[in-house]
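Values in this text are rule-based calculations from the coordinates and carry no lab data. Just so it is clear, the structure is predicted and the values come from calculations on it, not from any experiment. Neighbour counts are summed over all protein chains in view; Cβ atoms, including those assigned to glycine, are modelled from backbone coordinates with ideal geometry.
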Amino acid sequence: MAEPLATRAHLRQVRRMADFVPVERIDGAPESGVLLICDHASAALPQDYDTLGLGAAAFARHIAYDIGAAAITRRLAAQLHAPAILSTFSRLLIDPNRGADDPTLVMRLSDGALIPGNAHIDEAEIDRRRECCWRPYRDAIARQIDAMLASGVTPAIVSIHSFTPVWKGAARPWHVGVLWDCDARLARPLIDALSAKGDLVVGDNEPYDGALEGDTMHDLGTMRGLPHVLIEIRQDLINDDAGQDEWAARLATELRPILAEPGLHRREFHPTRTRAPRP
């Protein structure tokens, strides 16, 4: 059976990446008071890795990237006039949202799919991927935070993700999830705002728990005392332009008054909760 045209085109794009840059930066005004990040923005791979032994269809699945998340991040950055940092490499290569020493940093098996290029990976290769992709992405976020702090703005960090409608045969009822660990300054008012109209099922630390040591929010939010939140949107709601426009506008509407609160923009350090693994 022939591969769909969309996946064949994507596979060609993956193979033709000659001068790989692991970070996409979007300029924005520091006074927006927010930095947007997207850990799983792309399904692309550096040319040296070809396709990790996978067929084209794998790169259209959630195992390769968060469907719709990059588009939401770019639209939201435009609406909030905010800077944004997005990864440009697939989580199949290395997961930029995992801690540097997390055992799931490089997945050998993901949602039933064996990744041949990862099956026999050694520590030297993991370190190579960490240095060429994971660390430049984290460092880019840290530099943007430092630049905003230097300008006199304590930024809130908003991380955009998406999740599958069904996991291991069980339908997920949430339209959107708000993930957080110990600092509720941004999460709690956002949960309340998204829930207010009654038309959404809003997950409070669903479908995952926001407590994960070493993840992007822990490393660059919790440990730096910055207000932060991770937003998970169900993928069937944002897999086309209409859904992406709708959700970007909705998030912008709900975030603006929260971000306008002067008391939000200060550094606070909170004791972290017990860490929970994510699938």
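If you count, for each residue, the other Cβ atoms within 10 Å and average over each peptide, how do 226-237, 99-110 line up from highest to lowest?
Values: 226-237: 23.8, 99-110: 15.2.
Output ranking for 226-237, 99-110: 226-237, 99-110.
Return the Rg/Rh ratio of the range 73-125 with Cα-based radii and a Kirkwood Rh. Intermediate values should be presented prior to the final figure.
Values: Rg = 15.0 Å, Rh = 13.2 Å.
Here the Rg-to-Rh quotient is 1.14.
Working out 0.36 nm times the residue gap between ALA113 and ASP101, then minus their Cα-Cα distance, what length gain in nm do you get to one decimal?
Working: separation 12, 0.36 × 12 = 4.32 nm, distance 2.26 nm.
Contour length minus the Cα-Cα distance gives 2.1 nm.
If you take the alpha carbon radius of gyration of the chain and divide it by 2.2 N^0.38 Å, what ratio comes out, to two decimals?
My calculation over the Cα atoms of the chain gives 0.97.
With a point put 7 Å past each Cα toward its Cβ, work out how far ARG188 is from GLN79 in nm, to one decimal.
In this crude spin-label approximation the distance works out to 2.5 nm.
Taking every pair of distinct Cα atoms and averaging 1/r, then inverting, what Kirkwood hydrodynamic radius in Å comes out for the range 146-259? Don't skip to the end; give the middle numbers.
Details: mean 1/r = 0.0674 Å⁻¹.
14.8 Å is the Kirkwood radius here.
Near the amide H of SER110, under 5 Å away, which other amide H atoms are found, from residues 5 or more places off or on another chain, if H is placed in the peptide plane?
Sorted by chain and number, the residues that satisfy this are ILE115.
Restricting to DSSP H runs of at least four residues, report the calculated mean residue ellipticity at 222 nm for the chain, -39500 (n - 2.57) per run over all residues, nearest 500 deg cm²/dmol. Could you put the intermediate results ahead of the total?
On the way: 7 runs with 79 residues, N = 279.
Result for the chain, helices only: -8500 deg cm²/dmol.
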